[in-house]
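Structure, as structure tokens:
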Amino acid sequence: MSTFDLLEKRRHVRKYTDKIPPKEQIEFALWQAWKTTPSKNQSMAYQVLVWGPDKKKEKEAIWSLCAKSHRIVEETAIKEGYQTKYQDGGNYPNKDYGHIKDNAYLFTIHARLSKPNPYYSQQIKSGHFYDQMYEEKIEKIIDATAVEVGIFASNLSLYLLEQGIDMSYNSCFRRRPEEWAKVGLDYVKFRPISMISCGYSEIYRLDAMKERGQNMADRKPEYEDIIKWI
């Protein structure tokens, strides 16, 4: 199957089965993503935490941070006058976050401090500023780090799909490490940037949309609206 066909086949998972992909397949996909993702100054100023099948309690805690974020976004929108009511009448949790706790493996990707390699250590001596090594610069460079995380996530997705493993993205969660500590995840020291779940799908979001007759209504913008030749 071509790369295009693999990526075109990808669907957001609402619920995974209980079947667990072999750990060696997950490790290989992670290695492939690490090997093929470029990074400014070879720094890779992020870290991927892997929450395996035995981390059910931790996944529940992470899921709670996603549900909390969704709720706060809606509360803020109402307070600021953008919305007048809560989605679904305020009934929580949103089922589309189910994949965060109902999965075989969850990857949360966080900022990290990086040590320069021998080349950049020498460059620093000659005046190069290696901002990836300073905690106070994490927020300053977060846009660049997030771009790299996006490339890593895309690569990882492809390698998982090649092995017949479904995956889903999520970017709705509380960003402050202190909030992760409050739900028992105190080993998360730096801000999260993105997260990916994987396993074998039982129900795709698209399936639920089809049941409601909404699948054709939920479409991305047209090609011409996004791609503009100048």
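The values are calculated or read from the model by the stated rules, or taken from the named source; none is laboratory data. For clarity, every value in this text was computed on a predicted model and none was experimentally measured. Positions of Cβ are generated from backbone atoms using ideal geometry, with glycine treated the same way; all protein chains shown enter the neighbour counts. To get the accessible areas, we keep the full protein, side chains included, count just its heavy atoms, and leave off ligands, DNA and RNA. Shrake-Rupley method; radii C 1.70, N 1.55, O 1.52, S 1.80 Å.
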Filter result (assigned to a loop (DSSP other than H, G, I, E, B) and open to solvent by 70 Å² or more (accessible area, probe 1.4 Å)) within segment 11-21 | 11, 18, 19, 20
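Yes/no matrix, rows are residues, columns are (1) within 16 Å of residue 42 (Cα to Cα); (2) modelled with pLDDT under 95; (3) hydrophobic (A, V, I, L, M, F, W, C):
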residue	(1), (2), (3)
112	yes, no, no
124	yes, no, yes
146	yes, no, yes
154	no, no, no
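Give me the residue from segment 29-40 that is of a type in the set (A, V, I, L, M, F, W, C) and farther than 16 Å from residue 197 by Cα and, out of that set, surrounded by the most Cβ atoms within 10 Å (Cβ to Cβ).
From segment 29-40, those of a type in the set (A, V, I, L, M, F, W, C) are 29-31, 33-34; that's our starting set.
Pick out the ones that are also farther than 16 Å from residue 197 by Cα and you get 31, 34.
Details: 31: 11, 34: 14.
Checked segment 29-40; the qualifying residue surrounded by the most Cβ atoms within 10 Å (Cβ to Cβ) is 34.
Only one residue in 134, 200 is at pLDDT 95 or above, closer than 26 Å to residue 56 by Cα and open to solvent by 20 Å² or more (accessible area, probe 1.4 Å), so which one is that?
On the way: 134 fails: closer than 26 Å to residue 56 by Cα.
Testing whether each residue is at pLDDT 95 or above, closer than 26 Å to residue 56 by Cα and open to solvent by 20 Å² or more (accessible area, probe 1.4 Å) leaves just 200.
This table checks each residue for (1) free of Cβ contacts under 8 Å to residues at least 24 places away in the same chain; (2) under 16 Å from residue 173 (Cα atoms); (3) basic (Lys, Arg); (4) in a helix (DSSP H, G or I).
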| residue | (1), (2), (3), (4) |
| --- | --- |
| 31 | yes, no, no, yes |
| 61 | no, yes, no, yes |
| 65 | no, yes, no, yes |
| 70 | no, yes, no, yes |
| 74 | yes, yes, no, yes |
| 78 | yes, no, no, yes |
| 81 | yes, no, no, no |
| 99 | no, yes, no, yes |
Residue list for segment 163-187, restricted to those being in contact (Cβ under 8 Å) with a residue 12 or more places away in the chain, over 15 Å from the mean Cα position of the chain (by Cα) and within 21 Å of residue 47 (Cβ to Cβ) | 176, 177, 179, 180, 183, 184, 185
